[in-house]
1. Taking a point 7 angstrom from the Cα of Ala212 along the C-beta vector, which residues in the stretch 103-133 have backbone N less than 16 Å away?
2. Ranked highest first by the average count of other Cβ atoms within 10 Å around their residues, in what order do 66-74, 46-54 fall?
3. Using 0.36 nm per residue of separation minus the Cα-Cα distance, give me the extension gain between Ile60 and Glu126 in nm, one decimal.
4. What translational diffusion coefficient, in µm²/s and rounded to a whole number, does the Stokes-Einstein relation yield for the stretch 17-93 at 10 °C and a viscosity of 1.306 mPa s, taking the hydrodynamic radius as the Kirkwood radius over Cα pairs?
5. Grab the DSSP H runs of the chain that are 4 residues or longer, score each as -39,500 (n - 2.57), total them, divide by all residues and round the 222 nm result to the nearest 500 deg cm²/dmol.
6. Take the Cβ-Cβ distance between Ala32 and Asp173 as r, set R0 to 41 Å, and report the resulting FRET efficiency rounded to the nearest 0.05.
7. Which whole-number percent gives the relative contact order of the chain, counting Cα pairs below 8 Å spaced six or more residues apart?
8. List the lysines whose Cα lies under 20 Å from the Cα of Lys104, skipping any in the same chain that are fewer than 8 positions away.
Amino acid sequence: TLQALIFDVDGTLAETERDGHRVAFNQAFAAAGLPWYWSEGIYGVLLQVAGGKERIHFFIDKYAPPLPSDRDLDDLIAELHHAKTGYYTALLQAGQISLRPGIKRLINEARQQNVRLAIATTSRLENALALLETALAPDAPSWFEVIAAGDIVPRKKPAADIYHYVLDKMALDAQNCLVIEDTEHGLTAAQGAGLTTVITVNEYTKRQNFAAAALVLNHLGKPDQPCESLWGHFLT
Ligand code: XBP
């Protein structure tokens, strides 16, 4: 029986990447006086690496942008990432990002049916909290038994660590949980922990390989794909 739903955040609860994280990275670069700019196209490439700090590293390795010669690279990246988090949470607080269709209803139905809830994200904890508080409800973080985020585990998705962490904390068997993800990396991570996974694709991820998913949907909302189909599949 289904005892818990475990949600990814970025791309799954909300389309946070293109108009959220990407914009905030660019704001941080500009504020630091760096002539770097992540277009939507470049960002699509950069998304293959999860984690903001890891993504900046990958960008520097891949595109060799102009770098300040007087700075330690790890310090610079940490500083940019810190600033980016501030810009990103400000975007959320300004109401710039809303939940994907069906998410609110699914979470409400899960709560009514006493299905336990958790979050497993590569993004920073404060980002996940800000999204839940602004897009769902001010007390929404308390609805989730575990909010596993960012550097809480050493290896980010596609490693399975974050999902193992959630299962450990909740003392649950993988077979009693269902994961909602939007990327192949997320699917790989969940699958690595033995978890059944439903994928809701988005523009950045729709061409990825989801052969290992239990179900692939465009979204969880009405009218064409009501989430009743999800309960029908997994909650009976
Ligand atoms: C989302 C990510 C993150 C965010 C940026 O992963 O890949 O890297 O884009 O996050 P998930 P931070 O699908 O696991 O939610 O800047 O906060 O690291």
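Throughout, read-outs are computed from the coordinates displayed, never taken from laboratory work. Everything numeric here is computed off the predicted structure, so don't read it as measured data. Please note: Cβ atoms are built from the backbone with ideal geometry, for glycine as well, and neighbour counts cover all protein chains shown.
1. Counting only backbone N, you get no residues.
2. Taking the mean over residues of other Cβ atoms within 10 Å, the ranking is 46-54, 66-74.
3. Values: separation 66, 0.36 × 66 = 23.76 nm, distance 2.51 nm.
Stretched fully, the Ile60-Glu126 segment lengthens by 21.2 nm.
4. It comes out at roughly 127 µm²/s.
5. -11500 deg cm²/dmol
6. Numbers: r = 46 Å, r/R0 = 1.12.
That gives a FRET efficiency of 0.35.
7. Computed over the chain, the figure is 24 percent.
8. Lys222
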